[in-house]
Amino acid sequence: MSRFLIKFVLVLAALFTLELLNPVQAYVIQPFTSMLAVISSALILPFDADVIASGKILRDSITGFAVSIESGCNGVEAAIVLIAGVFAFPATAKQKSLAIFLGFFAIQAMNILRIISLFYLGQWNITIFEWFHLYFWPILIMIDVLVVFAVYLHWLAKQTKQSVSVSAA
């Protein structure tokens, strides 16, 4: 358990430090965040032609209401927590890679749902928007990370059990 915690904290610290570097922000994080706005807009457009994505901003062209997807709201930090957990837990490189790949998409799917819901909540009621933005969604995103990690651990246990039963046969 202590080996897991040490690896987890070291990977977490390394990835958070890496994320804060200006070149990483400029060439990875900001373009990724802008892509989230574009994806959110593309998902909304079939139902609401008034939405516009511009950079990291999602805006309603009629009301002018906009949300800006900032650091901490792009799901990168949640993905870092998942990556650190997966990396710290013993498994093969293939198993870890698959878990990180699928887990990242699970987190981002939830995050896009978060962005879209906040976009509409803000147009409806700013007080409720603030509550959901500050309390509800951050907790739900971290629960998503925990669920993804728990599913990964369950899958690993099944993989281990299958390889042990094949070896014994």
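Sorted by accessible area (1.4 Å probe), largest first, how do MET35, MET1, MET110 line up? Numbers along the way, then the final one.
Working: MET35 90, MET1 170, MET110 45 Å².
These residues rank, largest area first, as MET1, MET35, MET110.
Lysines within cross-link reach of LYS158: Cα-Cα under 24 Å, excluding same-chain residues under 8 positions apart?
Hits, sequence-local ones excluded: LYS7, LYS94, LYS96.
Keeping every protein chain present and rolling a 1.4 Å probe, give me the accessible area per residue for the stretch 114-159 in Å². Don't skip to the end; give the middle numbers.
Numbers: 2760 Å² over 46 residues.
Here the per-residue accessible area is 60 Å².
When Rg and Dmax of the Cα atoms in Å is calculated directly from the model, which label among (i) 19.0, 62; (ii) 16.0, 50; (iii) 18.8, 67 fits?
(iii)
Using a 1.4 angstrom probe on the protein heavy atoms only, line up ILE29, ILE57 by accessible area, largest first. Spell out each step's value before the answer.
Working: ILE29 10, ILE57 70 Å².
Ranked list, largest accessible area first: ILE57, ILE29.
What is the percent carbon and sulfur in the accessible area of the chain, measuring with a 1.4 Å probe over the protein chains and ignoring ligands? Walk me through the intermediate numbers first.
Values: 7450 of 10060 Å².
After summing per-atom areas, the C and S share lands at 74 percent.
Where is the GNM fluctuation largest for the chain (alpha-carbon springs, 10 angstrom cutoff): VAL24, VAL145, VAL38?
VAL24
Calculate, for the stretch 45-85, the solvent-accessible area per residue in square angstrom, rolling a 1.4 angstrom probe over the heavy atoms of the protein chains.
Details: 1870 Å² over 41 residues.
Per-residue accessible area for the stretch 45-85 comes out at 46 Å².
Simple spin-label model, 7 Å along Cα-to-Cβ: LYS94 to SER54 in nm?
Computed distance between label sites LYS94 and SER54 equals 4.9 nm.
Keeping all protein chains in the complex and leaving out DNA, RNA and ligands, what accessible area do you get for TRP131 with a 1.4 Å probe, in Å² to the nearest 10?
For TRP131, the solvent-accessible surface is approximately 130 Å².
Once both labels are modelled 7 Å past Cα along the beta-carbon direction, what's the ALA26-LEU153 spacing in nm?
The answer from the label model is 4.1 nm.
The values are calculated or read from the model by the stated rules, or taken from the named source; none is laboratory data. All values reported here derive from a predicted model rather than from experimental measurement. All Cβ positions, glycine included, derive from the backbone under ideal geometry; neighbour counts span all protein chains shown. Please note that ligands, DNA and RNA were not included when accessible areas were found on the heavy atoms of the full protein model with its side chains. Shrake-Rupley method; radii C 1.70, N 1.55, O 1.52, S 1.80 Å.
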